[in-house]
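Have a look at the structure below before the remarks.
None of the figures in this text is laboratory data; all of them are computed from the coordinates on show. Note that the coordinates shown come from a computational prediction; the quantities given were computed from them, not determined experimentally. A quick note on method: Cβ atoms are made from the backbone with ideal geometry, for glycine too, and the neighbour counts reach across all protein chains shown.
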Amino acid sequence: MDARLAARRPVLRAKPGERRRTVPRDGQREVGVGVRVPFLIIGGGMAAGLCRARAGFDVHIVEQAPRLGALGAGIQLAPNALRVLSALDLGPDLAAVAVYPRNLVFLHADTGRRLTTVDLGDAFRARYGQLYTVLHRGDLLDILLAACRAHERVTLESGREVVEVRDAEGHSATVWFADGETYACEAVIGADGLWSRTRALVADDVPLCSGYVAYRGTVPAEDLPDSVRPDDELVWIVPGKHLVQYPIRRRELHNQVAFFRSRRYRPGSAAGDDWGAADELREHFAASAEQVRAAVALLGTHRRWPMYDRAPVDNWTTGRVTLLGDAAHPMLQYLVQGACQAIEDTECLARHLVAHDGKAPAAFAAYQAERIPRTAAVQRLARVWGEVWHDDAPVIPALRDRLFARRAPDDYTYLDWLYRHPAR
Ligand SMILES: Cc1cc2nc3c(=O)[nH]c(=O)nc-3n(C[C@H](O)[C@H](O)[C@H](O)COP(=O)(O)OP(=O)(O)OC[C@H]3O[C@@H](n4cnc5c(N)ncnc54)[C@H](O)[C@@H]3O)c2cc1C
């Protein structure tokens, strides 16, 4: 390594909130080639980085945001993701900030009628080996970032926007950054989300807009009406909209997300167009139960999240480049599995890298062969589950409510296929 790179090496361990202009620990600059990187992850990808590092391989992560970590509102983690995070020894860190709701309660958003309850307590833990966990997304990212920074095989850079990725017929992969710099990589994982640039290597599709939009935010617990039961997660559903509420960060905050189908959305409307605006939010929930209206009134309206997914594809890989998380299998959030499936990906990928002695093309092929059928099923079912919540025609809500009313709180029949994987 030349003296200039060696001098830059100490700044590799980026701290939260710091923008770093660095090169990988093992970086070597070659004229006309760029910095050589053994294994690069584009995007957040911190769980993937940790899994790979724990398997004994170096990994470098680049993220376009100026800051790694603290971000967003609440996130729900189901046992299938928690099993992976626990294997990374993150359980105690999660427990310090997480909340374990006692029940998941579905209610009618207009009448307030309880539709069904899923017991998330002892019976749930006995079945899945984990408690259903909700926390602040920023707390999760901070935990992952701290673990990455503590691991000597992981290096990170923030403020690094990738503009293009190319695979050189399986011999190497080249990544271009917005500032013109290039990295020559032995392998690349595109974990660059819904609007992934890496995905352009394997598919020419675009995100599909559902016409739904979300408003989300956190509220100090004391600002919520007394009627909210802080131990529970509440999902208020009615045709065309729903509201989710749960406590996070040791119950100091409540996460709230309101979703609705915009009447102004038209196929082809762009994310920035005037659909799903704040006036529609207020209008949609104006006739809702008092508790729902009170919650919606507390939501900030400065930002909204249009809801997109993509159809499943049958290939994520070209040579030494593959996809992970939303870049590979973006899904509507109704099953609350987007991040959970991304975390499952990380475990599977690391396992196949070990099995194939770190040889990326073979490991990537095995990884996608295992993951695509499962994630495609989750993507498809997420759409269906959204329709079951939101359908306007009376028949689906009527059937749903009958089914809901008949099930016992500890009946997990419909959750096993999601939560029992990966096997304990
Ligand atoms: C309202 C809402 C609620 C949700 N709640 C849950 C939940 O409770 N539980 C759950 O499991 N899932 C949930 N999801 C889904 C979940 O947020 C996503 O599936 C998950 O964040 C995907 O993770 P990812 O790392 O693949 O992509 P992202 O989280 O989108 O991360 C991609 C990263 O790549 C970076 N990036 C993008 N392009 C580039 C580039 N060119 N160069 C460098 N960096 C780049 C981005 O800055 C970003 O940090 C929810 C989604 C929504 C919309």
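Before moving on, here are some points about what is shown:
- Where the Cα pairs of the stretch 189-345 fall when distances are cut into 10 Å bins, in %: 10, 33, 31, 19, 6, 0
- Dmax and Rg, reported as Rg then Dmax, of the chain (C-alpha, Å): 22.0, 71
- Normalising by residue count, the stretch 357-424 has a Cα convex hull of 105 Å³ per residue.
- Among Asp231, Asp357, the order by Cβ neighbours within 10 angstrom, fewest to most, reads Asp357, Asp231.
- Computed on the stretch 287-424, with alpha-carbon pairs under 8 angstrom and 6+ residues apart, the relative contact order is 23 percent.
- Summed over qualifying helices (DSSP H, 4 residues or more, each -39500 (n - 2.57)) and divided by its residue number, the chain shows a 222 nm mean residue ellipticity of -9500 deg cm²/dmol.
- In terms of packing, defined here as the mean over residues of other Cβ atoms within 10 angstrom, the peptides 184-195, 396-407, 90-101 line up highest first as 184-195, 90-101, 396-407.
- Relative contact order computed over the chain (Cα-Cα under 8 Å; 6+ residues apart), in percent: 20 percent
- Using alpha-carbon coordinates, inclination of helix 338-355 to the longest axis of the chain, degrees: 30 degrees
- Cβ-based exposure ranking for Tyr183, Tyr412, in which fewest neighbours within 10 Å come first: Tyr412, Tyr183
- Burial order of peptide ranges 282-288, 153-159 (average beta-carbon count within 10 Å, highest first): 153-159, 282-288
- With coordinates expressed along the principal axes, the C-alpha atoms belonging to the stretch 165-229 extend over 61, 26, 23 Å, beginning with the largest.
- Cα gyration tensor, the stretch 295-340 - rounded (a/c under 1.5), prolate or oblate: prolate
- Modelled spin-label separation between Ala168 and Glu152, with each label point placed 7 Å from Cα along the Cα-to-Cβ direction: 3.0 nm.
- Dipole of the chain, positive direction: furthest Cα of Val336, Phe404, Ala95, with charges on the beta-carbon: Ala95
- Förster radius 25 Å - calculated FRET efficiency between Arg383 and Ala270 (Cβ-Cβ, nearest 0.05): 0.70
- Taking the inverse of the mean 1/r over every pair of distinct Cα atoms in the stretch 80-156 gives a Kirkwood hydrodynamic radius of 14.5 Å.
- Computed over the stretch 251-301, relative contact order equals 32 percent, with contacts defined as Cα pairs under 8 Å that lie 6+ residues apart.
- Compactness of the stretch 211-285 - radius of gyration and Dmax, Cα, Å: 14.2, 42
- Panel order for Val105, Val213, by other beta carbons found within 10 Å of each beta carbon, from fewest to most: Val105, Val213.
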